[in-house]
1. Could I have the simple spin-label model distance between residue 54 and residue 68, label points 7 Å from Cα toward Cβ, reported in nm to one decimal?
2. For the range 238-245, what does the Karplus curve 6.51 cos²θ - 1.76 cosθ + 1.60, with θ = phi - 60°, yield as ³J(HN,Hα) per residue in whole Hz, taken in order and with x for Gly and Pro?
3. When only C-alpha pairs under 8 Å and at least 6 residues apart count, what is the relative contact order of the range 55-99, in percent?
4. Checking the cross-link filter: which aspartates and glutamates have an alpha carbon closer than 20 Å to that of residue 275, excluding same-chain neighbours under 8 positions apart?
5. Given 25 °C and 0.890 mPa s, compute D for the range 127-229 with the Stokes-Einstein relation, Rh being the Kirkwood radius over Cα pairs; round to the nearest whole µm²/s.
6. Which percent of the Cα-Cα distances in the range 147-201 go past 13 Å?
7. Computed from the mean reciprocal separation of all distinct C-alpha pairs, what Kirkwood hydrodynamic radius does the range 41-164 have, in Å?
8. Could you give P(r) for the range 234-292, binned at 10 Å from zero, as whole percent values over all Cα-Cα pairs?
Amino acid sequence: MKIKNYILPFIALILVLYYVITNMSGEKQLTYKLLPEDLAIKKIVYKNDDLFFTMVEEEKGWHLSEPENWPADVNKVNDILTNLNNTEIITNISASNSSEDNDKKYGFDKGNYLLLNGNKEVKMYIGKKDSSYKMVYVKLENENKIKLVNASFTNYLPISLNQIKDKTIYSFDTENLEKFSFNIDNNQYEIIRSGDRLLINNKILDDNVTTEYIKNIASLEADTFYDNNTMSDNVTKAGIISIKTKDMPKTDLVIYHSKKENDYLIPSGGDSVFKIYNFSMERFIEKFSKTTPYKEDVKKED
């Protein structure tokens, strides 16, 4: 038998033994995170070419304070924080040229940055991505070295203020619901709590579907926000949503229809206007009519 028939299996055996020995030794490649592990972030300031905002963590959650006062989308904020805290340093680059040349070479001349504040402050300048677009150059304030890090966190930074704003139009605790009415485009529904029962259009909801049915309508989110902070002449009143709960006074939300875009608009009571796409509103209406959750008519029971 030729000797070459033994060479490849022998090399494979050596490689396997090396893998087993190195792993049994418990030695692992050290990785370094970009941010200190004990950094408790309570404030985020972000600036890029087209966007600037400030968010702070308050008792009720994260809140935008600049350029407007508005609750932040908690899921979006958590995504940013999680990915920032998990960002690893790939390598450190010693800057040899002038500061101005380095800023231009690595993309810091645009002035994009993240300011993270809590028990300590970290200001991070964000440069351009490398040729693979999987890594990005960053520079921490008061440090000379430029760091090449995993660019995943940049995918979660918003490109517009609307992306980070909370889009919840309303939300209520199903146990506290007393009355809910929905009237839009000739679709009329009224849900009233009578004792321990819920009635829809004066009919008893079937016990098997009551919980899921009410949960489906217990909150409504917008798709985005109307670009203009004033309602244009190209809208008509389409209906109203009224909500009354044990812990909240009666709330009326007027719904407008935009003829130009064929979408629905609901003023927030402040400067913002919620925007619901036509297909999203159709799906919401279907929650009322998709099933027939009636057990029997109230009058018949009486």
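1. According to this spin-label approximation, the distance is 1.8 nm.
2. Calculated HN-Hα couplings, in order: 10, x, 7, 10, 10, 10, 9, 10 Hz.
3. On the way: 26 pairs, mean separation 9.2, N = 45.
Over the range 55-99, the number comes to 21 percent.
4. 68, 73, 166, 185, 221, 223, 227, 233, 252, 261, 263, 286
5. Details: Rh = 18.6 Å.
Value of D from the Cα-based Kirkwood radius: 132 µm²/s.
6. Counting pairs separated by more than 13 Å, the tail of P(r) holds 75 percent.
7. 15.1 Å
8. Pair shares across the bins are 20, 46, 30, 5.
Taken together, the values in this text are just the output of simple stated rules run on the coordinates, not laboratory data. Note that the structure is predicted; figures quoted are calculated from it, not measured. Every residue, glycine as well, gets a Cβ built from its backbone with ideal geometry; the counts of neighbours run over all protein chains shown.
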